[in-house]
Amino acid sequence: MNFLENISLKPFNTFGVEVKARYFAEINSEQDILQLIDNQLFKSLNKLILGEGSDILFTKDFEGLVLKDAIKGIGLMHEDENSVWIKAGSGENWHSFVEYCVNQNWGGIENLALIPGTVGASPIQNIGAYGAEVKNSIHSLEIIDLLTGKKRLMMNDECRFGYRWSIFKEKEWRNRYYIVSVSFMLDKNPKLNTEYQDIKDELYTENPTIQDVFNAVVSIRRRKLPDPQVLGNAGSFFKNPVVSYEKYEKLLQKYPDLKGFETRYAIKLAAAQLIEKCGWKGVVENNTGVYHNQALVIVNYGGASGSDILRFAQKIQESVYQTFGIELIPEVNIY
């Protein structure tokens, strides 16, 4: 394979930031990966595996090799009376894959509709929305070690899934292991997850199907979130912070309407509410702003650099910390 040189990454990141990659290669198959590994230049370069660029903020040019994931294919591996096991190429569009499964009446990922990105990126971030996380449907991954070229099967419990976290975000794993495919175990007799009030409010039938839940999630997200092709953004910029029960009780004394969701050992707060209480919703500075319909989303109104967006995000972090004593952690990967 040949590397392309000095390629603009503006079309490959949903913030629409203008930066360049020193080298660039599109990966369409495992063979493409193995060919690259044999290349001497490949071994000397820093690497970045890029899906649809929907969870990344570039603040400068990437002085290495960007591997654009384009591995496609969806196939049924196995099924029994209650479940199906289905494998998808890492470069498949995530929403299209969810829609495909819903059309087959295979349940488990319908609450994750319209999340931007690729199938291969879904386990890295352990994407989640409306009470669902992808870790609960992932069976296994096929990965290739970019140092050795060895391929292996990685099971769910090896991924160390956490809240918007997996082993692939750890330093020694990041951009070293190429996820080639992801296999999912889905339910033929779907058990609907409609606990979130937004979904309940959107459903107009007493006996909803997974198609109804899928449609509800799509409708909610389209209403609340900006289309990246119209306004540059990467969805939720920050993770929802987790605090102790004691911290939450103290906060409630001052902010009695503060939303909190119980987890096993702590309370998860709504980052959007914290940002809104600090007065940031709808604020615009230097072509960067907080989206007027969803305070978790930072948008590029046109022409903002990655550094502009990062500085704006840091102002929000400082404001929330000064007000609540809570550190907001970016969900977006910053380069």
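The values are calculated or read from the model by the stated rules, or taken from the named source; none is laboratory data. Quantities reported herein were computed from a predicted structural model and do not represent experimental measurements. Neighbour counts are summed over all protein chains in view; Cβ atoms, including those assigned to glycine, are modelled from backbone coordinates with ideal geometry.
Here are the numbers:
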quantity: Residue ID - surrounded by the fewest Cβ atoms within 10 Å (Cβ to Cβ), chosen from residues in region 203-225 that are of a type in the set (A, V, I, L, M, F, W, C) and part of a helix (DSSP H, G or I); calculated: Val218
quantity: Of residues in region 144-184 being outside any strand (DSSP E or B) and of a type in the set (Val, Ile, Thr), the one nearest to Ala121 (Cα to Cα); calculated: Ile167
quantity: Wholly enclosed strands (runs of 3 or more DSSP E) of region 1-119 bearing at least 1 residues crowded, with 20+ Cβ neighbours inside 10 Å and touching a Ser or Thr at 6+ places or on another chain (Cβ under 6 Å); calculated: 62-69, 83-89
quantity: Test: residue in region 190-202 that is surrounded by 14 or more Cβ atoms within 10 Å (Cβ to Cβ), hydroxyl-bearing (Ser, Thr, Tyr) and in the same structural domain as Ala129 (by TED's automatic domain parsing); calculated: yes
quantity: Some residue of region 79-87 being under 30 Å from Val299 (Cβ atoms) and not aromatic (Phe, Trp, Tyr); calculated: no
quantity: Some residue of region 227-241 being surrounded by fewer than 19 Cβ atoms within 10 Å (Cβ to Cβ), closer than 27 Å to Trp165 by Cβ and among the hydroxyl-bearing types (Ser, Thr, Tyr); calculated: no
quantity: Search result, residues across region 67-96 that are acidic (Asp, Glu) and under 19 Å from Ile115 (Cβ atoms); calculated: Asp69, Glu92
quantity: Residues satisfying the stated conditions in region 313-332, i.e. surrounded by 17 or more Cβ atoms within 10 Å (Cβ to Cβ) and within 18 Å of Trp165 (Cβ to Cβ); calculated: Leu328, Pro330, Glu331, Val332
quantity: Single unsatisfied condition, Leu252 versus (1) closer than 27 Å to Tyr335 by Cα; (2) surrounded by fewer than 18 Cβ atoms within 10 Å (Cβ to Cβ); (3) aliphatic (A, V, I, L, M); calculated: (1)
quantity: Any hit, region 257-269, residues being over 24 Å from Leu57 (Cα atoms), exposed (fewer than 13 other Cβ atoms within 10 Å of the Cβ) and modelled with pLDDT of 95 or more; calculated: yes
quantity: Meets criteria (modelled with pLDDT under 95, under 30 Å from Ile37 (Cβ atoms) and among the β-branched types (Val, Ile, Thr)) for Thr194; calculated: no
quantity: Asn240 vs. criteria touching a helix residue (DSSP H, G or I) at 6+ places or on another chain (Cβ under 8 Å) and not aliphatic (A, V, I, L, M); calculated: yes
quantity: Considering residues of region 145-189 that are of a type in the set (Asp, Glu) and more than 21 Å from Val84 (Cβ to Cβ) only, the residue surrounded by the fewest Cβ atoms within 10 Å (Cβ to Cβ); calculated: Glu172
quantity: Flag if Val284 is in the same structural domain as Gly232 (by TED's automatic domain parsing), closer than 18 Å to Glu327 by Cα and in contact (Cβ under 8 Å) with a residue 12 or more places away in the chain; calculated: no
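Quick grid of which residues meet (1) β-branched (Val, Ile, Thr); (2) free of Cβ contacts under 8 Å to residues at least 40 places away in the same chain:
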position	(1), (2)
Phe97	no, yes
Cys101	no, no
Gly108	no, no
Ile127	yes, yes
Gly131	no, no
Lys150	no, yes
Arg160	no, yes
Lys169	no, no
Tyr178	no, no
